[in-house]
Amino acid sequence: MDHQKISFEFEVYASSDQLTKEDAALVAQAREVTSLAYAPYSSFQVGAVALLSNGKTVSGTNQENASYPIGICAERVLLSAVSSVYPGIPVETIAISYHNLNGKSDRPVSPCGICRQTMVEYQERLAHPIRLILSGMEGKVYVIPQADLLLPLGFSGDDIK
Ligand code: THU
C-alpha cells in the first residue's frame, strides 16, 4: 500500500485592484457580462470571459431553462462559442465572476464539476494550459495556473483508448 498526495498552488489576491492591468480588465469584463446571463430561476448570474492567444476576447453567460437540467453554465457557453468562432486558437486565460441577486457576491466563484471537465478537455485538445481567474463582484480573487489543477484524477479521452 502506498499513500499519494495531490496538492496545488494558486494565487490569492485581496481584491481585483491587486491584479495586473490585463487581468483586472478581464475580471472587469467578466463582472460586466454577468448582467447578460439568463438566470430567472436561480438569480445567480455568471459571466466568463476568455482571452485567446490571438488577443481576442470572447464572453459567455449562464443560460437557464424552465426545464432546469437544460440550463448551461457560463463556462460551457463560453467554450462552445470560442470553439465555434475561433477554432484551433488556444485560450490563455478565463476570468469567471458572478452576481448573486439573492445574496452576496464577494467570494471567488467555484466552477462546477461538468465545467471543470469541459475546461480540462479544451486544454488537452489544444495542448495549451488555461489559466483561471475566479472572483465575485468584489472581494478575493483566485488565480489558478491551469484548469486541470481543479480536477485531480480526472477522466479523459486517454482513458477510453
Ligand atoms: N453556474 C455557472 O454558470 N457557472 C458556475 O461556475 C457555477 C454555476 C450557473 C448554473 C446555474 O444557472 C446557476 O449558476 C446556479 O447554479
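Which one is farthest from the ligand (Cβ to nearest atom), of the residues in the stretch 46-81 that are among the polar types (S, T, N, Q) and open to solvent by less than 30 Å² (accessible area, probe 1.4 Å)? Lay out the reasoning, then the answer.
At the first step, the residues of the stretch 46-81 found to be among the polar types (S, T, N, Q) are 53-54, 57, 59, 61-63, 65, 67, 80.
Subset that is open to solvent by less than 30 Å² (accessible area, probe 1.4 Å): 61-62.
On the way: 61: 7, 62: 3 Å.
Only one residue fits best here, namely 61.
For residue 97, state whether it is within 17 Å of residue 141 (Cα to Cα), small (Gly, Ala, Ser), within 10 Å of the ligand (Cβ to nearest atom) and open to solvent by 60 Å² or more (accessible area, probe 1.4 Å).
Working: within 17 Å of residue 141 (Cα to Cα): yes; small (Gly, Ala, Ser): yes; within 10 Å of the ligand (Cβ to nearest atom): yes; open to solvent by 60 Å² or more (accessible area, probe 1.4 Å): no.
It is false that residue 97 is within 17 Å of residue 141 (Cα to Cα), small (Gly, Ala, Ser), within 10 Å of the ligand (Cβ to nearest atom) and open to solvent by 60 Å² or more (accessible area, probe 1.4 Å).
So if I check each of 129, 108, 152, 87, which one is closer than 15 Å to residue 26 by Cα and in a loop (DSSP other than H, G, I, E, B)? So that I can check it myself, show each step before the final result.
Values: 129 fails: closer than 15 Å to residue 26 by Cα; 152 fails: closer than 15 Å to residue 26 by Cα; 87 fails: closer than 15 Å to residue 26 by Cα.
Exactly one of 129, 108, 152, 87 is closer than 15 Å to residue 26 by Cα and in a loop (DSSP other than H, G, I, E, B), namely 108.
The values are calculated or read from the model by the stated rules, or taken from the named source; none is laboratory data. From a predicted model like this one, the values you see are computed outputs, not experimental measurements. So basically every Cβ, Gly included, is an ideal-geometry build from the backbone, and we count neighbours across all protein chains shown. Note: accessible area is taken over every heavy atom of the protein model, side chains too, but ligands, DNA and RNA are not part of it. Shrake-Rupley method; radii C 1.70, N 1.55, O 1.52, S 1.80 Å.
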